[in-house]
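The values are calculated or read from the model by the stated rules, or taken from the named source; none is laboratory data. Bear in mind the structure is a predicted one, so any value in this text is a computation, not a measurement. When we count neighbours, we look across all protein chains shown, and the Cβ atoms used for this are built from the backbone with ideal geometry, even at glycine. We work out accessible area using only protein heavy atoms, side chains counted, and drop any ligands, DNA or RNA first. Shrake-Rupley method; radii C 1.70, N 1.55, O 1.52, S 1.80 Å.
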Amino acid sequence: MPAAQPSMIDLLVIGSGPAGLSCAIEARRAGLSTVVLEKGSLVDAIRRFPTDLVWFSTPELLELGDVPFVVSTVRPTRVDTLNYYRKVIRRYEIDVRPFDAAVSIERAGTGFVVGTAGGAAYEAGAAVVATGYFDHPNRLGVPGEELPHVFHYYDEPFRWAGQDVVVVGGRNSAVEAALDLYRHGARVTLVHRGPRLSEGVKYWVLPDIENRIKAGEITGMYNSTVREFRPGSVIVEGPEGHRHLPARSAYVLIGFLPDALQLTRFGIRLDPETLAPLADPQTLETNIPGLFVAGSVVAGRNTNKIFVENGRLHGKVIVSALLARRRFS
């Protein structure tokens, strides 16, 4: 049976990532009722990270609600992090409703009615959109990109041992995938449209990939653009003209975008260039009174501006704004 719906919620949160959970936690600590709607599983974006991911951040930079994040190593793994956030959810008894996406937000009096894909309707005094961007990878828009051997997410390397793999991109996700594939037996070509890898590549990873390319262990193709994916090959245009690269699989790892269509459907105005919601930087309230944004969705296209480490602070900002409004209402 579906969980019972509260008659009126003080703060409804859309998205159960760290930013969304931070909003729910701060609401609970302030004595406000809250429900979190999630289209996938708990902390779904992190669950879909590469299987063996190890964070750059140390545990204390990922903590929520003053719950200690204790691990036996300096940097936590994906599994450590998922278990930790489940612990936080239990600690604060947060009501998370997974696998039921919010599809509409309508004004109702001074609050909202939020409708879900499963047909539920929640009444809320205020709402937060904390949906991140992981569901919407950037695409090249070239023929063959939808073929079954072309992927926009990276999980693990083992099925491609001894096979030719093309990785497209020049930032951390592409570089780390290329190194992981190489170290587990794949023959890897890294294709990047720029003259060099991004300056944002982690400082301890950059020498590794540069040395692997210099040694010929990974083939690096710069100033090169993918023109087409075909079964078994990728057509690339570069300084040497068109080349057909053998490819059992290809990974297009060129970043992500927020769901601009969903945000505008909710009535949130966006900056036309950055796709960032037009929100008050002091409160994170959008053009719709009582409707807030939190986490990486706040930055629009600028996905290198907000991470778990600073997005987890948005809960205090939003709940403080709600409490201040109550005091002066």
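Filtering the stretch 43-62 down to residues that are of a type outside the set (K, R) and not in a loop (DSSP other than H, G, I, E, B), which residue is surrounded by the fewest Cβ atoms within 10 Å (Cβ to Cβ)?
Here the answer is E60.
For the stretch 251-268, what are the residues that are touching a Gly at 6+ places or on another chain (Cβ under 9 Å), hydrophobic (A, V, I, L, M, F, W, C) and surrounded by 21 or more Cβ atoms within 10 Å (Cβ to Cβ)?
Hits for the stretch 251-268 are V252, L253.
Counting only residues that are basic (K, R) and in contact with an Asp or Glu (Cβ under 7 Å, 6 or more places away or on another chain), which one in the stretch 216-265 is nearest to T286 (Cα to Cα)?
R227
How many residues does the stretch 84-131 hold that are closer than 25 Å to R326 by Cα and basic (K, R)?
So the answer is 1.
Which of the residues spanning the stretch 83-125 are surrounded by fewer than 16 Cβ atoms within 10 Å (Cβ to Cβ), free of Cβ contacts under 8 Å to residues at least 40 places away in the same chain and not in a strand (DSSP E or B)?
Of everything in the stretch 83-125, those that are surrounded by fewer than 16 Cβ atoms within 10 Å (Cβ to Cβ), free of Cβ contacts under 8 Å to residues at least 40 places away in the same chain and not in a strand (DSSP E or B) turn out to be N83, K87, R90, R91, G109, G119.
Could we say that L245 is more than 26 Å from F134 (Cα to Cα), crowded, with 16+ Cβ neighbours inside 10 Å and touching a strand residue (DSSP E or B) at 6+ places or on another chain (Cβ under 8 Å) here?
Here the answer is yes, as L245 does meet what is asked.
If you go through the stretch 279-286 one residue at a time, do you hit one that is in contact with a strand residue (DSSP E or B) (Cβ under 9 Å, 6 or more places away or on another chain) and open to solvent by less than 20 Å² (accessible area, probe 1.4 Å)?
yes
Among the residues that make up the stretch 2-11, is at least one of them surrounded by fewer than 18 Cβ atoms within 10 Å (Cβ to Cβ), modelled with pLDDT of 95 or more and part of a loop (DSSP other than H, G, I, E, B)?
For the stretch 2-11, residues surrounded by fewer than 18 Cβ atoms within 10 Å (Cβ to Cβ), modelled with pLDDT of 95 or more and part of a loop (DSSP other than H, G, I, E, B): absent.
Give D280, D259 a once-over and let me know the one that is over 21 Å from the mean Cα position of the chain (by Cα) and among the acidic types (D, E).
So the residue among D280, D259 that is over 21 Å from the mean Cα position of the chain (by Cα) and among the acidic types (D, E) is D280.
What about D180, is it within 21 Å of the chain's Cα centre (by Cα), over 17 Å from N223 (Cα atoms) and not in a loop (DSSP other than H, G, I, E, B)?
In short, yes.
Condition (residue is under 24 Å from V293 (Cβ atoms) and among the β-branched types (V, I, T)) applied to the stretch 137-155: is it met by at least one residue?
no
Taking only the stretch 203-243 into account, find how many residues are in a strand (DSSP E or B) and either touching a Ser or Thr at 6+ places or on another chain (Cβ under 6 Å) or among the polar types (S, T, N, Q) (or both).
Residues meeting the conditions: 6.
Working carefully through the options G17, G40, G65, find the one that is under 30 Å from F266 (Cα atoms), touching a residue at least 40 places away in the same chain (Cβ under 8 Å), surrounded by fewer than 19 Cβ atoms within 10 Å (Cβ to Cβ) and under 19 Å from the mean Cα position of the chain (by Cα).
Result of the check over G17, G40, G65: G40.
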